[in-house]
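Here's the structure, in structure tokens; my notes come after.
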Amino acid sequence: MEKKNEDVLILAIESSCDETAASVVKNGRTILSNIISSQIELHKLYGGVVPEIASRKHIEKINQVIEEALKEADVTLDDLDAIGVTYGPGLVGALLVGVAEAKAISFAKDIPLVGVHHIEGHISANYIEHPDLEPPFLCLVVSGGHTHLVIVKDYGEFEILGRTRDDAAGEAFDKVARAIGLGYPGGPKIDRLSKEGNAYAFDFPKAKVDEAPYDFSFSGVKSAVLNHLNKCRMQGEEIVAADVAASFQRCVVEVLVEHAIAAAKDYKIDKLAIAGGVASNSGLRTAMEEACRKHNIGFYHPSPIFCTDNAAMIGVAAYYEYQKGTRHGLDLNAIPNLRLGER
């Protein structure tokens with residue numbers, strides 16, 4: 001099929017968890033629209049994401065979100081060169097809504113379909129505001145479901161150096177927030193509360209995996225916090241929530257920064273990016289920026305709107321996959337446990 005114009009326009013869809021999002025991306029780096037319909041208020045009632053409710057809400061919102069994205073970008077479906085969609089990892093029911101929608105548009109308009117890995121999308125978010133950033137570089141992906149330390153060898157080509165052995169960092173934030181009584185979503189609430197507390201009030205443990213120096217483990221620090229809270233409640237001691245939150249956040253941030261800087265030095269990489277929902281954490285951003293400055297490493301991070309789930313990052317990743325010739329058929333399926341680098 002001949003290209004309609006010299007610009008490549010991609011409509012991207014993201015529905016892997018509890019955000020229904022659509023975006024139109026031009027030439028991989030220019031965001032013409034970025035529409036996000038969040039379900040946070042709905043899931044707050046339950047203290048976390050309820051998959052069945054998320055899937056139903058995606059079905060309600062997806063057409064509306066796509067129409068808004070096209071309108072804001074001032075394009076129609078006929079102007080598109082391809083459609084990109086997250087097909088994993090994520091909640092299977094939620095993913096299926098986006099995948100089905102993308103396949104329908106691809107079929108109806110006879111345009112290429114490009115399936116995108118959700119984590120590749122998060123990494124690609126860094127390209128949006130950093131035109132100078134090109135592979136190779138190191139990226140720390142930190143979100144509710146994932147903690148990965150990755151060498152980005154080329155667009156869409158990755159080497160995973162480390163991953164979490166148990167809880168992802170964001171998952172630990174949510175569980176600790178719930179235990180303190182902050183509610184959902186935990187990460188932003190702990191970040192805010194930490195600013196009022198003493199980060200050195202408690203020395204919670206920082207786990208190291210001996211045979212895998214770049215791997216992470218956050219279940220130990222989470223359990224230590226829960227044990228401290230239970231002990232205080234049983235003995236009638238006052239719980240200083242701000243100190244607990246600040247000390248917990250410091251321990252997690254220190255581990256993330258130490259591992260990332262060690263990998264950058266060991267592999268002699270002078271560009272380090274962060275990505276994912278937890279990449280919007282102010283403590284992490286500040287600590288990573290200071291560490292990178294100290295070690296003469298270029299530091300890159302997306303704006304908070306591009307850290308949490310959004311379709312713009314999927315559109316950027318889809319563009320580079322499209323340019324490499326990646327195409328998916330109408331048999332594309334949702335893969336909830338899709339690993340980075342798999343097709």
Those residues of region 79-101 which are charged (D, E, K, R) and in contact with a helix residue (DSSP H, G or I) (Cβ under 7 Å, 6 or more places away or on another chain), in sequence order
Glu101
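Let me confirm something: among Ser247, Ser223, Ser217, Ser282, which residue is without any contact (Cβ under 8 Å) to a residue 60 or more places away in the chain and under 21 Å from Asn198 (Cβ atoms)?
Numbers: Ser223 fails: under 21 Å from Asn198 (Cβ atoms); Ser217 fails: under 21 Å from Asn198 (Cβ atoms); Ser282 fails: without any contact (Cβ under 8 Å) to a residue 60 or more places away in the chain.
Result: Ser247 is the single residue among Ser247, Ser223, Ser217, Ser282 that is without any contact (Cβ under 8 Å) to a residue 60 or more places away in the chain and under 21 Å from Asn198 (Cβ atoms).
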Of His130, His122, which residue is touching an Asp or Glu at 6+ places or on another chain (Cβ under 9 Å) and either in contact (Cβ under 8 Å) with a residue 40 or more places away in the chain or surrounded by fewer than 24 Cβ atoms within 10 Å (Cβ to Cβ) (or both)?
His122
Restricting to region 293-306, name every residue that is in contact (Cβ under 8 Å) with a residue 12 or more places away in the chain and surrounded by fewer than 24 Cβ atoms within 10 Å (Cβ to Cβ).
His295, Asn296, Ile297, Gly298, Phe299, Tyr300, His301, Ser303, Pro304, Ile305
Residues that are at pLDDT 95 or above, of a type in the set (Gly, Ala, Ser) and surrounded by 14 or more Cβ atoms within 10 Å (Cβ to Cβ), drawn from region 307-341:
Ala311, Ala312, Gly315, Ala317, Ala318, Ala334
Exactly one of (1) outside any helix (DSSP H, G or I); (2) surrounded by fewer than 20 Cβ atoms within 10 Å (Cβ to Cβ) is unmet by Glu290. Its number?
(1)
The correct count of residues that are assigned to a loop (DSSP other than H, G, I, E, B), at pLDDT 90 or above and either farther than 23 Å from Ala291 by Cα or not assigned by TED's automatic domain parsing to the domain that holds Gly181 (or both) in region 210-236 is 1
Looking at (1) in the same structural domain as Gly183 (by TED's automatic domain parsing); (2) assigned to a helix (DSSP H, G or I); (3) of a type in the set (A, V, I, L, M), which one does Met313 not meet, given that it meets all the others?
(1)
Only one residue in Ile274, Ile269 is surrounded by fewer than 20 Cβ atoms within 10 Å (Cβ to Cβ), β-branched (Val, Ile, Thr), in contact (Cβ under 8 Å) with a residue 12 or more places away in the chain and not in a helix (DSSP H, G or I), so which one is that?
Ile269
Gly183 being closer than 18 Å to Cys232 by Cα and of a type outside the set (A, V, I, L, M, F, W, C):
no
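A quick yes/no check of all residues on (1) part of a helix (DSSP H, G or I); (2) buried (at least 16 other Cβ atoms within 10 Å of the Cβ):
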{"residue": "Glu60", "(1), (2)": "yes, no"}
{"residue": "Asn63", "(1), (2)": "yes, no"}
{"residue": "Ile66", "(1), (2)": "yes, yes"}
{"residue": "Gly84", "(1), (2)": "no, yes"}
When Ile261 is run through (1) on the phi > 0 side of the Ramachandran plot; (2) free of Cβ contacts under 8 Å to residues at least 40 places away in the same chain, the failure sits at (1)
Ser55: passes all of (1) of a type outside the set (A, V, I, L, M); (2) in contact with an Asp or Glu (Cβ under 9 Å, 6 or more places away or on another chain); (3) surrounded by 15 or more Cβ atoms within 10 Å (Cβ to Cβ) but (2)
Examine region 56-78 for a residue that is touching a helix residue (DSSP H, G or I) at 6+ places or on another chain (Cβ under 9 Å), within 26 Å of Arg327 (Cα to Cα) and acidic (Asp, Glu), and state whether such a residue exists.
yes
Looking at region 204-215, can you tell me whether even one residue there is farther than 22 Å from Ala264 by Cβ, surrounded by fewer than 16 Cβ atoms within 10 Å (Cβ to Cβ) and out of contact with any strand residue (DSSP E or B) (no Cβ under 7 Å at 6 or more places or on another chain)?
yes
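The values are calculated or read from the model by the stated rules, or taken from the named source; none is laboratory data. Computed from a predicted structure; not experimentally measured. Methodologically, a virtual Cβ is constructed for each residue, glycine included, from the backbone with ideal geometry; neighbour enumeration extends over all protein chains shown.
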